[in-house]
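Right, one structure below, let's go through it.
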Amino acid sequence: MSEPVLRSRLGGPGLVLGLGLLVFLLLPIAALGLASSPGELWAALHHPLVLPALGLTAWTSAISLLVVVVAGTPLAWMLARARGPWARAIETAVELPIVIPPAVMGIALLLVFGQRGLLGGLGVDLPFTPAAVIVAQVVVAAPFYLRSATAGLRAVDPELLLVARTLGASPRRAFLRVAVPLGLPALVNGAALCWARAVGEFGATLLFAGSFPGRTQTMPLAIYAALEADLRVATAIALVLAVVAFTTLLLARGAQRWLAPPAPGEGGH
Amino acid sequence: MSARDGHLGRRRFGRLLSSGGLGLALGACGRSSSGAGTLTVLAAASLTDAFTELASDFQAAQGVAVVLSTAGSQALRVQIEQGAPADLFASANARHMEALVEAGWVRDAEVFATGELVLVVPRGNPAGLRTLEDLPRAERVVLGTPEVPIGSYARTVLDRAEALYGPGFRSRVEARVVSLEPNVRLVLTKVELGEADAALVYRSDATSARAVEVVSLPELGVRPEYHVGVLTAAAAPGLAERFVALLRGEAGQAVLRRHGFGSPA
């Protein structure tokens, strides 16, 4: 890959500030890594709470991601295409779960789906089930996907869609064959963020789904439970989660680069 | 937000930083506010209401600022072991206090109150639970996770109940358990919201809840002890001693009683 002409060389204060933040961000993770010996990590992997929690986290977060991508991509498309103050208000409203404390979202979910909730009379019995874990993850993580996907789809040149339509493509076909491929890097980026947020979900899950090993106790809840018993076990389990998440996010980043359409100036390679 | 809240927030932020090991560089802004006229109390979460009242009494009587920080006893223990700048520690659990005394973080500890385990049900008692013996009839029971005090005390209650109501009682109850919560307030919340039909909590927590009914368990008599101790590194050990005296005295005991605690045995 050729070097861009303008390299991002920043001398002086910019360099100090940037590297300072980098160290600040990585130091706690490094401390987590240094806190556990390989033996402790091995023991943490075999802690009775870990494997059920890791499995539960993996499959619930995968389903959550699937739900968000399948339903969120059309929503992001609508939000990207819509004009006017109402559209902006709705776009902002769907981002609210990012700001609202997750534990409050958990209470809000109980107020909707709980025994005495708005939909409690419909016979939907969600709390204390893995389905509740997924609901909590979707509500808390979906905004991260929507934000990135809406921005990515908005950047798609409308002229290209117009061309596709004049060539006889239906709106759905133009969306699936033109907008989605062009917005794919943003969709993958949003999906990675969404998945990461779902894996780390704690507050809403604890309030809405409770914490029961193998049923609703995801990794963050297992770490919290272990914290009460033994700090070292908790940090070791947390490190296991960090390694799994890092690997997955790194792969997603690779996929994103691979999917990125060549930029206009880089057409040669 | 009042000025005092801001002060408290800064203190807590400073403490968080120091407990994360970054306190060396940034601790100065956290420590600067701990003057001689400030008492910093770390108290178990279950003591929150009672200690808030006691702290304001103490503040009024002594003319000093009291900074109260509440969390699970285990979390507070970690903060102390990481050098959190505090004067007094009140624990809901003897194990954590003993560990701190043994390691030299806390000078000596004494019992200042007792708790009491009770059964709570949502208001109206939909499952119709009159005694602990009815507990297996509840459809959803919530307990504390075994790692936290409320969870281990609940298991003691179930063991004693097994001896009283016959073998299999504990496993019949455990078959109804839908969630193991990390602290007593969350256990209580699940009943307050009507999600769970029954839970075992401290009477002191049940006293503060409006949407629950309390079923006493006199025959089971699980009474956890609350310990208090002055930190070795206390900046205001004199104030800390005076706060302990307040706790042990009649006025302090009256406040604790009103919040559902018992006197030391």
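The values are calculated or read from the model by the stated rules, or taken from the named source; none is laboratory data. This is a predicted model, so every value here is computed, not measured. Here Cβ is always computed from backbone atoms with ideal geometry, including for glycine, and neighbour counts include all displayed protein chains. Note: accessible area is taken over every heavy atom of the protein model, side chains too, but ligands, DNA and RNA are not part of it. Shrake-Rupley method; radii C 1.70, N 1.55, O 1.52, S 1.80 Å.
Summary of computed values
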{"read-out": "Amide H contacts under 5 Å for B:LEU39, placed H, 5+ residues apart", "value": "B:ALA65, B:VAL66, B:VAL67"}
{"read-out": "Formal net charge of residues neighbouring A:LEU79 (Cβ-Cβ distance under 15 Å; K, R +1; D, E -1)", "value": "+3"}
{"read-out": "Expected 222 nm ellipticity per residue - DSSP helices of 4 or more, -39500 (n - 2.57), all of chain A, to 500", "value": "-23500 deg cm²/dmol"}
{"read-out": "A:VAL70-A:ASP125 pseudo-label distance in nm [points 7 Å out on the Cα-to-Cβ vector]", "value": "2.5"}
{"read-out": "Residue among A:SER36, A:SER148, A:SER64 with the largest mean-square fluctuation in a Gaussian network model of chain A, springs linking Cα atoms under 10 Å", "value": "A:SER36"}
{"read-out": "Using a Förster distance of 51 Å, the FRET efficiency for B:GLU219-A:ARG81 (Cβ separation, nearest 0.05)", "value": "0.15"}
{"read-out": "Virtual spin-label span in nm between A:LEU15 and B:ASP134, 7 Å along Cα→Cβ", "value": "7.5"}
{"read-out": "Mean-position separation - Cα centroids, the stretch B:130-209 and the stretch B:67-116, in angstrom", "value": "26"}
{"read-out": "The stretch A:39-261 - charge dipole about Cα centre, Lys and Arg +1 at Cβ, Asp and Glu -1, debye rounded to 20", "value": "820"}
{"read-out": "Amide N proximity, the stretch A:137-157 versus A:GLU95 label position 7 Å along Cα-to-Cβ, cut-off under 17 Å", "value": "A:140-155"}
{"read-out": "Number of partner chain Cβ atoms within 10 Å, mean per residue of A:217-229", "value": "4"}
{"read-out": "Point-charge dipole on Cβ atoms (K/R +1, D/E -1) for chain B, about Cα centre, debye to 20", "value": "480"}
{"read-out": "For A:206-214, mean number of other protein chain Cβ atoms within 10 Å", "value": "5"}
{"read-out": "Heavy-atom accessible area, 1.4 Å probe, ligands and nucleic acids excluded: residues of the stretch B:173-208 down by at least 50 Å² from chain alone", "value": "B:VAL178, B:LEU180, B:PRO182, B:LYS190, B:LEU193, B:GLU195"}
{"read-out": "Contact surface A-B: accessible area buried, both sides summed, square angstrom, 1.4 angstrom probe", "value": "2200"}
{"read-out": "Cα gyration tensor shape for the stretch B:163-229, rounded if a/c is under 1.5, else prolate or oblate", "value": "oblate"}
{"read-out": "For peptides B:246-257, B:148-159, sequence by mean Cβ density within 10 Å, most packed first", "value": "B:148-159, B:246-257"}
{"read-out": "Between the stretch B:225-251 and the stretch A:148-167, the Cα center-to-center distance that results, in Å", "value": "68"}
{"read-out": "Highest-first arrangement of B:92-102, B:78-88, A:134-144, A:84-94, where packing means the average Cβ count within 10 Å", "value": "A:134-144, B:78-88, B:92-102, A:84-94"}
{"read-out": "Whole-number accessible area per residue in Å² for the protein assembly as shown, which is evaluated in the context of all protein chains at 1.4 Å", "value": "48"}
{"read-out": "Rounded, prolate or oblate (a/c below 1.5 giving rounded, otherwise prolate when a/b exceeds b/c) for chain A by Cα gyration tensor", "value": "oblate"}
{"read-out": "Estimated 222 nm signal from helices in chain B, with DSSP H stretches of n ≥ 4 weighted -39500 (n - 2.57), rounded to 500", "value": "-13500 deg cm²/dmol"}
{"read-out": "Whole-number percent relative contact order across chain A, with pairs defined as alpha carbons under 8 Å at least 6 apart", "value": "28"}
